[in-house]
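Student: Before I ask anything, here is the structure I am working with.
The values are calculated or read from the model by the stated rules, or taken from the named source; none is laboratory data. Only a predicted model underlies this, so the values are computations on that prediction, with no experimental measurement involved. Cβ placement follows ideal geometry from the backbone for every residue including glycine, while neighbour counts extend to all protein chains displayed. Surface accessibility is based on the protein's heavy atoms, side chains included, excluding ligands, DNA and RNA. Shrake-Rupley method; radii C 1.70, N 1.55, O 1.52, S 1.80 Å.
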Amino acid sequence: MKYLAMPTFDIRTNLATEQYLMSKKDIELPLVLFYIQKPCVIIGRNQNTLEEIDQQYCRDKNIVVTRRLSGGGAMYDDLGNLSFSFIVNADKQRFGDFKTMVAPIVGALHKLGVSGAEVTGRNDIVVDGKKFSGNAMYTRSGRTFSHGTLMLDVDMNEVGKALSVPKDKIQSKGIKSVRSRVTNLRPYLAEKYKRITTEEFRDFIIQSILGSVSMSEARKYAYDLTIEDQAEIEQLEQKYYRNWDWVYGRSPKFTLKRRRHFENGTIDARVLVENGRIETIRFLGDYFGVKDVAHLEKLLAGQTFDSQKIAKVLAAIDINDYFQGINSGQIVRLLFNL
C-alpha cells in the first residue's frame, strides 16, 4: 500500500486530487490519502446545499462550501480534523462494507489509547456512543474510494453554526443530514498523546497502517504528485469543486415559504428553486405598491438564488415601486432568512 499526505489545506484541491487518483489508470492500488483542510463544509452528492448550511454564516466566516462525489450527509471540517481516503479496486471491496475498509484506522486509534473506538450503524466510527468519524463510498470504472473524517480537535461551536440552517419552510427531495451526538478524539487519547497535533496524528496513523517505526521509513511508500498530475487536478478542481453549478446548481428542486411583517405591511414569499436558480416566485401579503408585483416576479425568475446576486438585481430598480416603505435590503433578508 502507498500513501499520499496532501500538501494543501484546501478541500477543493484535495477532493480533486482524490478524484484524479481514483481514475488514474497506471497507479498502484491500494492507495490511502490523508488530508487536512481549513474550515469548510462538504455537501453529499445528493443533498440540497442551501438546505444544509447557513449560507450567510459560511460566507461571513470564509468557510469554503463544496460538494463531493459520494453520498451521505454534510460535514464541517477545520484544521483540527484529519480526513482519509482509501482507493481500491472495486472487485476487492464490497460496496458499503465500511467496517472492513476502516479497520486499519480503528486499529491505529486503539494504539493511541482510544480503546472504545468501533464502527457502528451504517458508516460511523464512534466512542462512548458519540460519533467522531463519518464515512462515505463512491464506485466508478472498477474502482472504489471510501473516505472519512477523524475529529481530533474540531471547533464544535463552528459545526453547529455552519450547519445550522435557519428554521423556515423548505421542502425538497434532497437527502437530509442526520445530526448525531459528536465528539472530538483528544479527550480519549492516552496521556502521552494528549497534546498531539493534527499532523502528528496523521503521521502516527500512516506508520500504523504501513507497519513502519518512523516516518523516514514510511517515506519509501509515499506517492509523489508529478507536474502532470497537478495540471490534471487543477482542471478537475475548476470543473467541479470551485464550480457554482456543481456546488449549488446541482441541488434538487425545492420550494420555500418566507413570511415577515414589516412596519408597512406583511410579505409572504413563495419560491420554487431548481438547479440553484429561481424558477418561479410569488409575493403575497397586505403591502402597497404603485407597480404590479408580477413585473418583479418576472425579473427575479431565472436568477441565481444567492443573496449577493439577488441584492445586485434589486439594487438596479426602485423596490418602493412594488413594496412601499420597504427597502431592497429588507427583501433580501426576507428571502434568505437573514
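Student: Given charges of +1 on the Cβ of Lys and Arg and -1 on the Cβ of Asp and Glu, with all other atoms neutral, how large is the dipole of the chain about its Cα centre, in debye to the nearest 20?
Tutor: Once rounded to the nearest 20, the dipole reads 800 debye.
Student: Let's test the formula: R0 of 30 Å, r as the Cβ-Cβ distance of Gln235 and Lys312. What FRET efficiency results, to the nearest 0.05?
Tutor: Here the calculated transfer efficiency is 0.50.
Student: Local charge sum around Glu232 (other residues, Cβ-Cβ under 14 Å, Lys/Arg +1, Asp/Glu -1)?
Tutor: That works out to -3.
Student: Angle, helix 198-210 long axis vs. longest principal axis of the chain, Cα atoms, 0 to 90°, nearest 10?
Tutor: 50 degrees
Student: Now, a different point. Between Asn157 and Met215, what length comes free when the chain is fully extended (0.36 nm per residue of separation minus the Cα-Cα distance, one decimal in nm)? Please report the intermediate quantities before stating the final value.
Tutor: Numbers: separation 58, 0.36 × 58 = 20.88 nm, distance 3.35 nm.
That works out to 17.5 nm of additional length.
Student: List the relative contact order of the chain as a percent without decimals, with contacts defined as Cα pairs under 8 Å and 6+ residues apart. Walk me through the numbers before you get to the answer.
Tutor: Numbers: 631 pairs, mean separation 57.8, N = 338.
The value is 17 percent.
Student: Let me have the relative contact order for the range 5-49, percent, based on Cα pairs under 8 Å that are six or more residues apart.
Tutor: This gives 53 percent for the range 5-49.
Student: Right, another one. In nm, give the distance between the simple-model label positions of Lys92 and Phe262, each being 7 Å from the Cα along the Cα-to-Cβ direction.
Tutor: The modelled label-to-label distance comes out at 6.1 nm.
Student: Among Gln47, Gln303, Gln37, which one moves the most in a GNM of the chain with springs linking Cα atoms closer than 10 Å?
Tutor: With Cα springs under 10 Å in the chain, the top fluctuation among Gln47, Gln303, Gln37 is at Gln303.
Student: Pairs of Cα atoms under 8 Å, at least six residues apart: use those to get the relative contact order of the range 246-338, whole percent.
Tutor: So the answer I get is 24 percent.
Student: Follow-up question, since we're still on this one. Where does the chain land at 222 nm, in deg cm²/dmol rounded to the nearest 500, when only DSSP H runs of n ≥ 4 count, each adding -39500 (n - 2.57), divided by all residues? Walk me through the numbers on the way to the answer.
Tutor: On the way: 12 runs with 95 residues, N = 338.
That calculation yields -7500 deg cm²/dmol at 222 nm.
Student: Taking Rh as the Kirkwood radius, which is the inverse of the mean 1/r over Cα pairs, what is the Rg/Rh value for the chain?
Tutor: 1.05
Student: Under a 1.4 Å probe, what is the accessible area of the chain per residue, stated in Å²?
Tutor: 48 Å²
Student: Could you state the angle between the C-alpha long axis of helix 227-236 and the longest principal axis of the C-alpha atoms of the chain, as a value from 0 to 90 degrees rounded to the nearest 10?
Tutor: Relative to the chain, helix 227-236 is tipped by roughly 30 degrees.
Student: Still on this structure, please answer the following. Within the range 24-61, report the GluC sites (Glu not before Pro) that DSSP leaves as loop and that have at most 13 other Cβ atoms within 10 Å.
Tutor: Here the GluC sites (Glu not before Pro) that fit, given the DSSP loop and packing criteria, are Glu28.
Student: With a point put 7 Å past each Cα toward its Cβ, work out how far Lys38 is from Lys291 in nm, to one decimal.
Tutor: The answer from the label model is 4.0 nm.
Student: Next up: Would you kindly state how much longer the chain becomes between Ile27 and Arg282 on full extension, computed as 0.36 nm times their sequence separation minus their alpha carbon distance, in nm to one decimal?
Tutor: So the extension gain works out to 86.5 nm.
Student: Length gain on complete extension for the stretch Asp128 to Glu228, per 0.36 nm per residue less the alpha carbon to alpha carbon distance? Provide the component values of the computation, followed by the final result.
Tutor: Numbers: separation 100, 0.36 × 100 = 36.00 nm, distance 4.52 nm.
Length difference between fully extended and current span is 31.5 nm.
Student: Using only Cα atoms, locate the centre of the range 237-316 and the centre of the range 1-56, then give the distance between them in Å, rounded to an integer.
Tutor: The distance from the Cα centre of the range 237-316 to that of the range 1-56 comes to 31 Å.
Student: Of Lys92/Lys239; Lys2/Lys220; Lys61/Lys131; Lys2/Lys131; Lys2/Lys111, which sit over 18 Å apart, Cα to Cα?
Tutor: Lys92/Lys239; Lys61/Lys131; Lys2/Lys131; Lys2/Lys111
Student: Could you compute Rg(Cα) / (2.2 N^0.38 Å) for the range 238-298, with N its residue count?
Tutor: Normalised by 2.2 N^0.38 Å, the Cα Rg of the range 238-298 equals 1.46.
Student: Okay, next question. So, with +1 on the Cβ of K and R and -1 on the Cβ of D and E, and no other charges, what is the size of the charge dipole of the range 282-338 about its Cα centre, to the nearest 20 debye?
Tutor: Magnitude of the dipole: close to 180 debye.
Student: Considering only protein heavy atoms and a probe of 1.4 Å, how much of the accessible area of the chain is carbon and sulfur, as a whole percent?
Tutor: 48 percent
Student: Using only the C-alpha atoms of the range 179-338, find the volume of their convex hull and express it per residue in Å³.
Tutor: So the per-residue hull volume is 206 Å³.
Student: Now for a separate question. Cut-off 10 angstrom, C-alpha nodes, Gaussian network model of the chain. Which of Arg67, Arg45, Arg181 fluctuates the most?
Tutor: Highest fluctuation of the listed residues: Arg181.
Student: Return the single residue from Ala231, Ala218, Ala103 with maximal mean-square fluctuation; model: Gaussian network over the chain, springs between Cα atoms under 10 Å.
Tutor: Evaluated over the chain, the most mobile residue of the options is Ala231.
Student: Also, quick follow-up: Taking only the alpha-carbon positions of the range 1-73 and ignoring solvent, what does the Debye formula give for the base-10 log of I(q)/I(0) at q = 0.13, 0.14, 0.27 Å⁻¹?
Tutor: Here the Debye-derived log intensity ratios amount to -0.46, -0.52, -1.26.
Student: Next up: Per residue and in Å³, how big is the convex hull formed by the alpha-carbon atoms of the range 265-338?
Tutor: Convex hull volume per residue, Cα atoms: 78 Å³.
Student: Shifting gears a bit: Considering the dipole of the chain built from charges on the beta carbon (Lys and Arg +1, Asp and Glu -1) around the Cα centre, which of Asn157, Leu256, Asn81 is farthest to its positive end?
Tutor: Of the listed residues, the answer is Leu256.
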